Amino acid sequence: MSLLQLNPPQRAAIMSLDGPLLVLAGAGSGKTRVITQKIEYLIREGNYDARNIAAITFTNKAAREMLERVGKLMNSRELKGITVSTFHSLGMQLLRQEAPHLGYKPQFSILDSYDAAKIISDVLKTTHKDEVRKVQSRISLWKNELLGPDAAIVQADNEFDRICAMTYASYQTTLTAYQAMDFDDLIRFPVELFLSNAEVLQKWQHKLRYLLIDEYQDTNTCQYQLVKLLTGARGMFTAVGDDDQSIYAWRGANMENLRLLQHDFPRLKVIKLEQNYRSTARILRAANSVISNNPKLFEKQLWSELGLGEPLHVVQCKDEEHEADVVVQRLLAHKFEHRTEFKDYAILYRGNYQARIFEQALRNQRIPYQMAGGQSFFDKPEIKDVLSYLRLIANPDDDPAFIRALTTPKRGVGATTLERLGAWAGQRGNSLFAAAHEEGFQLQVGAAQLAPLQDFCRFIVNLEYRATREPAGELVMEMLKAIGFEAWLYDSEDSQRAAEVKWKNVMDLVAWLQKKGEADGKNLIELSQTIALITMLEGRDEGEVDAVKMSTLHASKGLEYPHVFLIGCEEGILPHSESVDNGMVEEERRLMYVGITRAQRSLTLTYCVKRRRAGEWLFVEPSRFIGEINGDDIRHFGKPGAEPIVSKREGKSKLASLMASLDSKVQKPEE
DNA sequence: GTAGAGTCGGTTTTT
DNA sequence: CCGACTCTAC
């Protein structure tokens, strides 16, 4: 029906089914549209069964959105069995079936980076977070290049790498002992399995006959290998990407994969999408002019038919507090003047920490806001507490889950006993759970510690037995009652309100388990196995609520907003100083490019003159990227000689704003 | 030995 | 403003 509404390259991209295809899709050029309509085309015209199609994205949110949009094109019967998921959840699904080939049980646990970092800090015997992070990311980069611990040791050519490689080896041993995998393993292990087991490879090649890969420029070596192995010699896939929007090199993404594609698939067809349907010409011109300072992999020029539009606003602020006030003030003035809604605005920033002060400013003015990215539902501490029980029930060898469950709520077993248990387990090559049952260990601890420990183990064993026989929701509810979780929340939280919110989150989880358990006929163990990567509330009714959107630049990729404030455009923040030191300015520039191209109609860039950093006031410089925008497309505010920050309309109401601030002090809510 | 209160130092980006 | 570390009361 809708092929007619597409431009010629879009149509060509959709209708090209006979071999490997790379779509170079500029920002706002309708790439999601191409992917979703191509799925429709594959099924309706290309004779593909939905079961044999996999669309792979990088975030769960993108996957959700894609599925939703395809759902609008076709009914669920036609789409039955289609795979629309992230690399990580595809890997997980595969491994749940094939884990025994790798010496893992199908109930293996998935550790988040927080748990993984803890293991690494144990191995390193450091608590310095910075060191741990560096080692962790080094290990992660090796994994993404498909190098195991042995290969890493061979490759290490400096002291730091040698330390990392040694750590990598014991870290991986520990993971195996826990029957656990980290995020990288979810992609690495399938690749290794495919390389060593032709039969399994064939089985999956047969199942997934057509692949669509979104954000292809963000694939790392490992992910590319997975794609290559799955498509095999047939090379039936569509990769969609934009080299100018590659912003994940720091976690192993390899832009060279775009070039590799041409090399590995000589039949590769390349289609460029250059018409932008999102932004005004001025915004696009600014974006093009910034990105033109980067070397080009593929030549492309974005253009738009949406008119010239307003110049970009660049606002100089005194400090970060002032910056937040200025943005909020300008946002309100703009909203009033243009009769827009809150949901038409987005505030974008480089680091999560920048958001706090803006949250405060928005709250002071009673402006509703919604944070994207940030903390996902399953990362909330109270949810992780409950999930640690579920993980332990599914996999008693999961030591991090064991420790967390055993110590929340506190039941009289502390660090010393845990240390002894850990020492004993390490000596015997056992999990903590197994070690707790051994007599040799039990003789080492006093009765006051042993009793609660044994009670706990019996409790878990009992739950494990019932987990396969009773409905998940009710069982978890009963478990929470048994451990006194609600009371514990109210006890340990300093405000009633905070405890209420947390308990409600837990109840949401229980309700979700119940619903999901009934719908899919899954028991608690099966549910807890999939939960690590699922995001149940992520992206829920976003856009429906009238609220200002707040997001990191990274999390904003793929999204668009009528009016954008890009804050903290300073040397040190954007580009980030670490990146400057590491020679990664080009990636920071792409980040700036991503930020600019989120805006549809208006864009405001802000920077501060001074900023508080580690307790000290530091004078900072505006970002070099501002200087890369053509001056004719910019209106400056707040600088000496430039226009004042506060417009005339605002200046008149100085009294009003004073009253407003007084107002907010008087009716200060109890939090 | 364990648990909770209080203090001090420090910030990239995410599956 | 969050989390790691220290100190003190059971």
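The values are calculated or read from the model by the stated rules, or taken from the named source; none is laboratory data. What you see is a predicted model; the values in this text were computed from it and never measured. Every residue, glycine as well, gets a Cβ built from its backbone with ideal geometry; the counts of neighbours run over all protein chains shown. Accessible surface areas use protein heavy atoms only, side chains included; no ligands, DNA or RNA. Shrake-Rupley method; radii C 1.70, N 1.55, O 1.52, S 1.80 Å.
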How about region A:414-517: which helices (runs of 4 or more DSSP H) wholly inside it have at least 2 residues that are out of contact with any Asp or Glu (no Cβ under 6 Å at 6 or more places or on another chain) and under 18 Å from residue A:391 (Cβ atoms)? A:415-428, A:432-436, A:447-467, A:472-482
Give all pairs with beta carbons closer than 7 Å in which a residue from region A:344-361 that is farther than 22 Å from residue A:590 by Cβ and more than 11 Å from DNA strand B (Cβ to nearest atom) meets a residue that is in a strand (DSSP E or B) and among the aliphatic types (A, V, I, L, M); count only pairs at least 6 apart in sequence or on separate chains. A:345/A:548; A:358/A:347; A:358/A:550
Sole miss for residue A:93 among (1) within 24 Å of the chain's Cα centre (by Cα); (2) within 16 Å of DNA strand C (Cβ to nearest atom); (3) surrounded by fewer than 17 Cβ atoms within 10 Å (Cβ to Cβ) is condition (2)
Of (1) of a type in the set (Lys, Arg); (2) surrounded by fewer than 19 Cβ atoms within 10 Å (Cβ to Cβ); (3) within 15 Å of DNA strand B (Cβ to nearest atom), residue A:366 satisfies all except one. Which? (3)
Test: residue in region A:98-121 that is in a loop (DSSP other than H, G, I, E, B), open to solvent by less than 10 Å² (accessible area, probe 1.4 Å) and within 16 Å of DNA strand C (Cβ to nearest atom): yes
When region A:534-557 is examined, which residues are found to be open to solvent by less than 40 Å² (accessible area, probe 1.4 Å) and modelled with pLDDT under 55? A:536, A:539
Is it the case, given these coordinates, that residue A:623 is more than 30 Å from residue A:214 (Cβ to Cβ), at pLDDT 75 or above and within 16 Å of DNA strand B (Cβ to nearest atom)? no
So, in region A:337-395, of the ones that are of a type in the set (Asp, Glu) and assigned to a helix (DSSP H, G or I), which residue ends up farthest from DNA strand C (Cβ to nearest atom)? A:337
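For (1) open to solvent by 30 Å² or more (accessible area, probe 1.4 Å); (2) out of contact with any helix residue (DSSP H, G or I) (no Cβ under 7 Å at 6 or more places or on another chain); (3) of a type in the set (D, E, K, R), each residue gets a yes or a no:
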| position | (1), (2), (3) |
| --- | --- |
| A:559 | yes, yes, no |
| A:564 | no, yes, no |
| A:567 | no, no, no |
| A:572 | no, yes, no |
| A:585 | no, no, no |
| A:590 | no, no, yes |
| A:594 | no, no, no |
| A:599 | no, no, no |
| A:606 | no, no, no |
Of the criteria (1) within 16 Å of DNA strand C (Cβ to nearest atom); (2) open to solvent by 10 Å² or more (accessible area, probe 1.4 Å); (3) over 18 Å from residue A:58 (Cα atoms), which one residue A:148 fails: (1)
For region A:315-336 the number of residues that are within 17 Å of residue A:611 (Cβ to Cβ) and in a helix (DSSP H, G or I) is 8
If we scan region A:268-285, do we find a residue that is surrounded by 17 or more Cβ atoms within 10 Å (Cβ to Cβ), within 25 Å of residue A:61 (Cβ to Cβ), among the charged types (D, E, K, R) and touching a residue at least 40 places away in the same chain (Cβ under 8 Å)? yes
Before we move on, is residue A:412 over 27 Å from residue A:568 (Cα atoms), away from DNA strand C (no atom under 13 Å from the Cβ) and surrounded by fewer than 21 Cβ atoms within 10 Å (Cβ to Cβ)? no
Assess whether residue A:161 counts as being within 16 Å of DNA strand C (Cβ to nearest atom), modelled with pLDDT under 95 and not hydroxyl-bearing (Ser, Thr, Tyr). no
Does residue A:72 meet the test of being surrounded by fewer than 17 Cβ atoms within 10 Å (Cβ to Cβ), modelled with pLDDT of 90 or more and away from DNA strand B (no atom under 13 Å from the Cβ)? yes
